[in-house]
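Novice: Quick one: the structure is below, and I'll ask about it shortly.
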Amino acid sequence: MKLLVDSGSTKADWISIDEKGKVLFTTQSLGLNPEVLDKKEIIARLDDRFDISHNKNNVSNLFFYGAGCGTDRMKLFLTQVFEEYFPNAAIAVHEDTYAAVYATTPKNEKAIVSILGTGSNCSYFDGLVLHQKVQSLGYIAMDDCSGNRFGRHLLRAYYFNKMPANLAKAFEKEYNVDPDFIKNNLYKEPNPNAYLATFAKFLIKHKDTELCKQFIQLEMEDFVENYIKQFDNYTEVPVHFVGSIAFYLKEELEFILTKHGITIGNVLRRPIDGLIAYHSINK
């Protein structure tokens, strides 16, 4: 049994397949970002899903693609956790960009591949190897155009009284805006980046308001300048995207990219389904 996992900070999609690529089960857990979770919390999130915990001794291969796995230290940490939890499995941990590449990019095609979800990322795939110029410093310092960045904008607009009254009223109705509740989620609960990203749904829902338009344009321009334009050939190859932010703001994204002479490629909400085909023919 092979386990394929595409994990962001908010949630992780799991698919189990046999050697012929037949799906045995699918499930979803909370995200397993090693940058913001310790071993105890990761194990708890695995144990919480019956399909995962019940089959942990039957797994022969685990292919994990995850947010927060961009450094050797984090890959090693997560590999060791999985080796203990799945004792009979060969473990392969990759950063989440590889899942995006395998799901969006035809074989041997050159492309820039970006992730816009809870966090953000951008790499160049030369058809064989993934190249990354920006080393992420995490959600506090980076993650342009991500769900957590939009959440930060909305919270600041609300508390600095920059949000129009009608929008603020809708915001209050949809979220608990008690300052102690917010601070507890930001500074004491696990996954503060995922908590911030929950506010992105509000931005997408109200994307036609002037305030949300302003935030969307600002973050997309920053992503283009700080991430995509790191690669000299950004106008010569397609730019593919994976993630809910890219998927639900595709029209706005395409407008900004076109302005910069960039060709938008495939835009997927999640890459997990594309991984089935890839791992059915790749060991």
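Novice: Using a 1.4 angstrom probe on heavy atoms only, work out the carbon and sulfur share of the accessible area of the chain in %.
Specialist: Answer for the chain: carbon and sulfur cover 50 percent of the accessible area.
Novice: Please work out whether the stretch 127-283 counts as rounded, prolate or oblate from its C-alpha gyration tensor, where a ≥ b ≥ c are the square roots of the eigenvalues and a/c under 1.5 means rounded, while otherwise a/b larger than b/c means prolate and anything else oblate?
Specialist: Prolate shape, in that a/c is at least 1.5 and a/b is the bigger ratio.
Novice: Moving on to the next point. To check my understanding: the extent here is largest minus smallest coordinate of the Cα atoms along each principal axis. What are those three numbers for the chain, in Å, largest first?
Specialist: 57, 47, 31
Novice: Within the P(r) computed for the stretch 50-97, what percentage of the Cα pairs occupies the region above 14 Å?
Specialist: More than 14 Å apart: 48 percent of the Cα pairs in the stretch 50-97.
Novice: A further question on this structure: Rounded to the nearest 20 debye, what is the charge dipole size of the chain about its Cα centre when +1 sits on each Lys and Arg Cβ and -1 on each Asp and Glu Cβ?
Specialist: It comes to approximately 300 debye.
Novice: Using only Cα atoms, locate the centre of the stretch 162-241 and the centre of the stretch 24-50, then give the distance between them in Å, rounded to an integer.
Specialist: 25
Novice: For the stretch 1-84, run through the GluC sites (Glu not before Pro) and keep only the ones in DSSP coil with at most 15 other Cβ atoms within 10 Å of their Cβ.
Specialist: Within the stretch 1-84, the qualifying GluC sites (Glu not before Pro) (loop, at most 15 other Cβ atoms within 10 Å) are E19.
Novice: So what are the ³J(HN,Hα) numbers for the stretch 189-204, from phi and the Karplus equation (6.51, -1.76, 1.60; θ = phi - 60°), rounded to whole Hz, Gly and Pro as x?
Specialist: Coupling constants for the stretch 189-204: 8, x, 6, x, 5, 5, 4, 4, 5, 5, 6, 5, 4, 5, 4, 5 Hz.
Novice: Further, regarding this structure: In debye to the nearest 20, how big a dipole does the stretch 209-283 give about its Cα centre with +1 on each Lys and Arg Cβ and -1 on each Asp and Glu Cβ?
Specialist: Dipole magnitude for the stretch 209-283 comes out near 380 debye.
Novice: Right, something else. Rounded to the nearest 500 deg cm²/dmol, what is the calculated helix-only ellipticity per residue at 222 nm for the chain, with -39500 (n - 2.57) per DSSP H run of length n ≥ 4?
Specialist: Value at 222 nm, helices only: -12500 deg cm²/dmol.
Novice: Another question, then. How much accessible area per residue does the stretch 20-151 have, in Å², with a 1.4 Å probe?
Specialist: 46
Novice: List the residues whose amide H sits under 5 Å from the amide H of V267, counting only those 5 or more places along or on another chain, with H placed 1.01 Å from N in the peptide plane.
Specialist: Answer set, sorted by chain and number: F241.
Novice: If you don't mind, there's one more thing I want to ask. Short version: what are the Cα gyration tensor semi-axes of the stretch 1-75, square root of 5 times each eigenvalue, largest first, in whole Å?
Specialist: After diagonalising the Cα gyration tensor, the semi-axes are 21, 14, 11 Å.
The values are calculated or read from the model by the stated rules, or taken from the named source; none is laboratory data. The model shown is predicted, which means the values in this text are computed figures rather than measured ones. As a convention, Cβ positions derive from the backbone with ideal geometry for all residues, glycine included, and neighbour counts pool all protein chains shown. All accessible areas refer to the heavy atoms of the entire protein, side chains included, with ligands and DNA or RNA removed. Shrake-Rupley method; radii C 1.70, N 1.55, O 1.52, S 1.80 Å.
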